[in-house]
Every structure is written in structure tokens, then in C-alpha cells.
Amino acid sequence: MRIDIVSIFPEYLAPLELSLVGKAREAGIVDIRVHDLREFATDKHRSVDDTPYGGGPGMVMLPEPWGAALDAIRTSVEQPPVLVIPSPSGYQFDQEAAAEVSDIEHVVIACGRYEGIDSRVAEHYAGRDDWAGVREYSIGDYVLAGGEAAALAMVEAAVRLKPGVLGNADSAVDDSFSKVDGAALEGPVFTRPPAWRNLEVPDVLLSGDHARIDAWRRQQAEERTRARRPDLPNP
Ligand code: 6GU
């Protein structure tokens, strides 16, 4: 899988060299390339934004640098990529979206700043048959200063689902939000020592009775889901 990320703050994406995603890159499972949008600015001031038509606060990112950057990436590959645009106005980026993105051969992520990217950029690339579609995604109901932190979250959520990335092949299956497990949150987890600061590990987990342990975990997960996320399915 290949992921190109375009940003005016390429250093923001440095954490993608670390941990699980960094290891997936070293293993050749994912090829991630970060690009500086400003290199595609056309005027002498390297401008990437301007005031919004119709008035209002903030600045909007210019379509020209985005067109130049995205066309350059497209020219460097044979097959049509999918364009992902992080946006607080996007479709919900949930576990299902993460699984869909993890199955795409080439994803280009366009990280906007300010009040977002001129809407004609999404419209243009959605209407081209040398691109495989445009998806605008939001990672949650709050507003970030730009798409970079959202891109980090989306890349990590997608890459960890690729075969060979997780140490334990089963670890993605019983995650919170995985459809396989009915979408309930995971319950509490414990390790050694059996007592810590006067707090004991629940006896059932030390019992060795796997039927009882499974039943207890299911009940804890359902209780937690009811309390914290009544909006989620909870079988
Ligand atoms: Cl994807 N971008 C920005 N700027 N803010 C957000 C977001 C994305 N998702 C939630 N808030």
C-alpha cells in the first residue's frame, strides 16, 4: 500500500516514522511519502491561502497549489489513487472507514489548514477517471487546526489493519468498534501484580475458568458501552 500526504507542515507527520506505522514502513507493508504543499505554490510569496469569497472569518486554501501537488503525485504512479481530505465537515471516519482505507492500494491525503481547501478541489478530483474517488472524513465532533493530526489518526487506524502489522493476528478482531464483536466497547483489562495500591484484580480473571471469564468480559463490555456510548450497538 502507498500513502502520499500533502501538508504545509510536513514535519507534523514525523511520528509516522515511529512505533507500529514506522515498523510497517520498514517491513515494506506501507510506503508513506510526505510532501510540502508550499513547493507547489506558484507566486513569489509561495501563497497557499486567500480570503473567502462571500466574506467571513479566516482564510481558504487556494486551489492552484493543491492542483499542482495532486497532479504531480498522480503523474508519478500508474494506477488511479483515492483522494482523502480530512475535514470536520466530512463523513465519520470510524472503524469501518479505517478498514475500507486499509484495502486501498494508493491513498493521497490532502491536509488543509485554516478554514479548509477551496471546494472545487474535491469536486475536480471526484469527477476525474484518472482518480479513484474522493472521500472527505472527520475523525470526531470537535474542530482541529488542520488535517494533519486527523491524517496521523487515519493512517494509524488503517495501517494497523494490514496483514502482518499486528504481532498477534487476532488483536484487531476483538477491538472496540470492530463489527465482528458487535461494536461494543472493550471492558477493563488487568496484568500483574494481583493487588496494587489496595486495588485487586477481579477474582474471576485468576480462576482459570474460561467460560466464566468470557461471560464476565462480555458483561463488563456491555455495561461500559451502555454507560459511555449509549449511541453504539450493544447486543
Ligand atoms: Cl479531519 N480536520 C479538522 N480540521 N478538524 C477536525 C477533523 C478533521 N475531524 C474532526 N475535527
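The values are calculated or read from the model by the stated rules, or taken from the named source; none is laboratory data. Fair warning: this is a prediction, and the values are worked out from it, not measured in the lab. Note that each Cβ is placed from the backbone with ideal geometry, even for glycine, and that neighbours are counted across all protein chains shown. Remember, those area values only see protein heavy atoms, side chains included, never the ligands or the DNA or RNA. Shrake-Rupley method; radii C 1.70, N 1.55, O 1.52, S 1.80 Å.
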Per DSSP, the loop-located trypsin sites (Lys or Arg not before Pro) within segment 1-58 having at most 14 other beta carbons within 10 Å are LYS44, ARG46
So the FRET efficiency between ASP203 and LYS162, C-beta based with R0 = 35 Å and rounded to 0.05, is 0.35
Of all stretches in the chain that avoid chymotrypsin sites (Phe, Trp or Tyr not before Pro) placed in a DSSP loop and having at most 14 other Cβ atoms within 10 Å, the longest is 54-141
With 0.36 nm assigned to each residue of separation and the Cα-Cα distance removed, ALA149 to THR42 gains 35.9 nm
Taking r as the C-beta separation of SER89 and THR51 and R0 as 22 Å, the FRET efficiency to the nearest 0.05 is 0.70
Along the dipole axis of the chain (charges at Cβ: +1 for Lys and Arg, -1 for Asp and Glu; origin at the Cα centre), the most positive-end residue among GLY90, TRP66, GLY146 is GLY146
Filtering GluC sites (Glu not before Pro) in segment 1-97 by DSSP loop and by at most 15 other Cβ atoms within 10 Å leaves GLU78
Net charge near VAL134 (other residues with Cβ under 14 Å of its Cβ; Lys, Arg +1; Asp, Glu -1) is -2
Among ALA195, GLN219, SER207, the residue whose Cα sits farthest towards the positive end of the charge dipole of segment 174-228 (+1 at Cβ of Lys and Arg, -1 at Cβ of Asp and Glu, taken about the Cα centre) is ALA195
Note: GLN79 to TYR142 extended length (0.36 nm per residue) minus current alpha-carbon separation gives 19.2 nm
Over the chain, with neighbouring protein chains present, the accessible area per residue in Å² at probe 1.4 Å is 60
GNM of the chain, Cα pairs under 10 angstrom: of ALA145, ALA98, ALA110, the biggest fluctuation goes to ALA145
Under a Gaussian network model of the chain whose springs join Cα atoms within less than 10 Å, the largest fluctuation of ALA215, ALA195, ALA150 belongs to ALA195
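Relative contact order for segment 2-159: what percent, with Cα pairs under 8 Å and sequence separation of 6 or more?
Computed over segment 2-159, the figure is 29 percent.
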Under the rule rounded for a/c under 1.5, else prolate if a/b exceeds b/c, else oblate, using alpha carbon gyration tensor axes a ≥ b ≥ c, segment 32-124 is classed as oblate
In the chain the accessible area split gives carbon plus sulfur, as whole percent at 1.4 Å, a share of 51
Which of GLU222, GLU200, GLU156 fluctuates most in a GNM of the chain (C-alpha springs under 10 Å)? That residue is GLU200
For segment 1-68 the mean separation of alpha carbon contacts under 8 Å (6+ apart) over residue count, i.e. relative contact order in percent, is 30
The size of the Cβ-based charge dipole (Lys, Arg +1; Asp, Glu -1) of segment 174-228 about the Cα centre, to the nearest 20 debye, is 180
